[in-house]
Amino acid sequence: MLPAEPGHAAGPFAAGGLTAVGEVTLHNRDELAARLAAAGAPAPPGVADGELLLRCYAHLGAAGIAAAEGMFALAVADGADLVLVRDHVGARTLFHARANGRWLAASSLRALRRWPALPTELDLGAVRSFLTFAYLPGEQTLLRGVREVLPGGCLRLRPDGTAVREPFWEPAERLDEHLEANANGDTDGDAVGDRYARGLRALLETAVGCRLPGGEQVGVLLSGGIDSSLVTALAAALHDAPVRTYSISFGDGLPDELGYSGLVAAHCGTTHRVLTVPGRTVAARLAETVALLDSPVGDPLTVPNLLLAEAAAGDGLRVTLNGEGGDPVFGGPKNLPMLVWELHRDSPDPAARALAYLRSYRKCHADLPVLLTADTLAALRGEPGPEHLVAPYLQPGQMRALLNQLLHCNLRTKGAHHILTKVERITAAHGLQGRSPLFDRRVVDFAFAVPPTRKLAGPVEKLVLKDAVRDLLPSTIVDRPKSGMRVPVQRWLRGPLRDLARDALLSRAAVDRGLFRTDTIQAWMRGEGALMPRQGSKLWLVLSLELWLRAFDVPGPGPAGPAREGRGHA
């Protein structure tokens, strides 16, 4: 496996006749060492995290990997086979491809891209998925033939070209435990709620505590919402060194949440820093930021995230915590459109729910017929639509409750392929580790044992999470509705980002790639095409994709004649 960029693979490690390299950070070393000792295979004191994980795999099999808590991507040489292991939730990435009868794997796509035998064709199905989701869920990458290892499993690649995946962890719904509690006489609603809140609180303390860097200061990215605020409060209460907090503003006259983040910082006694992110800085740093990612994300917070990482690294930090995970694990408000749709659905078609889920993203899915060129649409005809990436999660199976189906889908798609990978790449670029306590595997397991009505209770989202930390934070923070960071994308694209977007999206290189109709791009730049304008978020999505394709030097899918309608060079 090639060394990752911007992360760094370590190794080789050897144990039990196996050899491995990878990027491994473990948060429960003592527990794993105890398991190995009990199995009669004690690990040497001070062994590297990568070797400790390999020993767990060599002596305990997939169960040894399942017992780990941390961020890891590990490639194991097991005889003639190559076994790829990715952590439970997808905090670290791992990619693989096959060419000239050989397998290659890397923890970054850019490292894999340097393999001379690797084809570099653009995968149009992945383009459509990206424009639908604003990230790439599942195994797809934008390079045809290159796949991403799914989290929570071991993928065995064999010399004959076959691949077999062995899952070692998947969250499981445990609603029967709630029913059993009621059968045992614990029927008082408040008592049941308190029991869940106490159980979650203990796990949150463990999740934050095991991610704190002993004896050195830690940073927390603090938006002022409940998720990052509770992580701040727990870090301040548990850590044996100073806690620094970081928030962002987009300048005077624009909405922000600095009042809330400042209140939390003062309440918790942290050293607080606010970074102002003007549009001209976003324009200057966007291409550089997009180039750090293994796959583009249509998230306008990428550059602000990079600036926060720079600030934390400049303050001498090695570890930052964040509040990512609250929504996909505990039922944030973005699930409400799907729940409302379900109340009014009149289609018996099993695929209807998946299509409604795609529409709820409000990205470019509905615009594909007018955004993509005729050649691109023709090439996609007959290929599975992006709904197949979410449909398996949105039906009774592992999860019976609809909310849990939605959360499971969010966890395995957006969580693994957008939120966590963005955090990892942007923080690693500055020598930091970005750690996400709310994605702790034990916290996730507990969340799916909590009844849906304790997560989304009428209009109150993440109820059990709020109840678990009420004593830690002011009620103003705990009980306020989620508003989210309002990023002024539309204003940026009318101002400092206007020239960048025009130069990139209407350039000869973009037109010759043959993906997008220039008449549609031009109309969006003029603000046309919608009763309630959302062209800003759509242009941001297309611009992010174009900048990523440039950074990775990915050619188009085929010839692009300038005479075709809607594809002329402007």
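Before moving on, here are some points about what is shown:
- Lys, Arg +1 and Asp, Glu -1 on Cβ, resulting dipole of the chain about Cα centre, debye, nearest 20: 1360 debye
- Residue-normalised accessible area of the stretch 1-105, expressed per residue, 1.4 Å probe, Å²: 36 Å²
- Close amide H partners of residue 435, meaning residues 5 or more places away or on another chain with modelled amide H under 5 Å apart, are 320, 321, 322.
- Inter-part distance where the stretch 290-323 and the stretch 40-102 are each reduced to a Cα centre, Å: 26 Å
- Fraction of C-alpha pairs exceeding 14 angstrom in the stretch 394-472: 70 percent, rounded to a whole number.
- Portion, in percent, of the accessible area of the chain that falls on carbon or sulfur, probe 1.4 Å: 52 percent
- Sparse-neighbour loop sites [trypsin sites (Lys or Arg not before Pro); the stretch 488-552; at most 15 other C-beta within 10 Å; DSSP]: 526
- Antiparallel beta bridges, as assigned by DSSP with both residues in the chain, represent about 70 percent of the total such bridges.
- Per-residue HN-Hα couplings for the stretch 408-414 [Karplus 6.51, -1.76, 1.60; θ = phi - 60°; Hz; x = Gly/Pro]: 4, 4, 4, 4, 7, 10, 5
- With θ taken as phi - 60° and the Karplus curve 6.51 cos²θ - 1.76 cosθ + 1.60 applied, the whole-hertz 3J(HN,Hα) list for the stretch 454-460 is 8, 9, 10, 10, x, x, 8 Hz, x standing for glycine and proline.
- Furthest towards positive pole of dipole, 54, 125, 71, structure part the stretch 40-175, Cβ charges: 125
- Compactness of the stretch 426-500 is given as radius of gyration and Dmax, 18.2, 50 Å, from Cα positions.
- Rg over Rh, two decimals, the stretch 207-286 (C-alpha only, Kirkwood Rh): 1.04
- Rounded if a/c under 1.5, otherwise prolate or oblate - the stretch 35-124, Cα gyration tensor axes: prolate
- Across q = 0.09, 0.22 Å⁻¹, the stretch 235-369 modelled as identical point scatterers on its alpha-carbon atoms has Debye log10 I(q)/I(0) values of -0.43, -1.40, in the order of the q list.
- Using the Karplus relation 6.51 cos²θ - 1.76 cosθ + 1.60 with θ = phi - 60°, the per-residue 3J(HN,Hα) values for the stretch 135-150 come to 6, 10, x, x, 7, 4, 10, 6, 9, 4, x, 9, 10, 9, 5, 6 Hz, with x marking Gly and Pro.
- Ranking 103, 492 from most to least accessible surface, computed with a 1.4 Å probe over the protein chains only, gives 103, 492.
- A Stokes-Einstein calculation at 4 °C with viscosity 1.567 mPa s, built on the Kirkwood radius of the chain over Cα pairs, returns a diffusion coefficient of 52 µm²/s.
- Alpha carbon Rg of the stretch 340-387, scaled by the compact-globule rule 2.2 N^0.38 Å: 1.36
- Members of 334/466; 414/462; 334/455; 462/538 lying beyond 24 Å, as alpha-carbon distances in this model show: 462/538
The values are calculated or read from the model by the stated rules, or taken from the named source; none is laboratory data. As the structure is a prediction and not an experimental result, all values here were calculated from the model. No Cβ is skipped: glycine too gets one built from the backbone with ideal geometry, and neighbour counts run over all protein chains shown. Note: accessible area is taken over every heavy atom of the protein model, side chains too, but ligands, DNA and RNA are not part of it. Shrake-Rupley method; radii C 1.70, N 1.55, O 1.52, S 1.80 Å.
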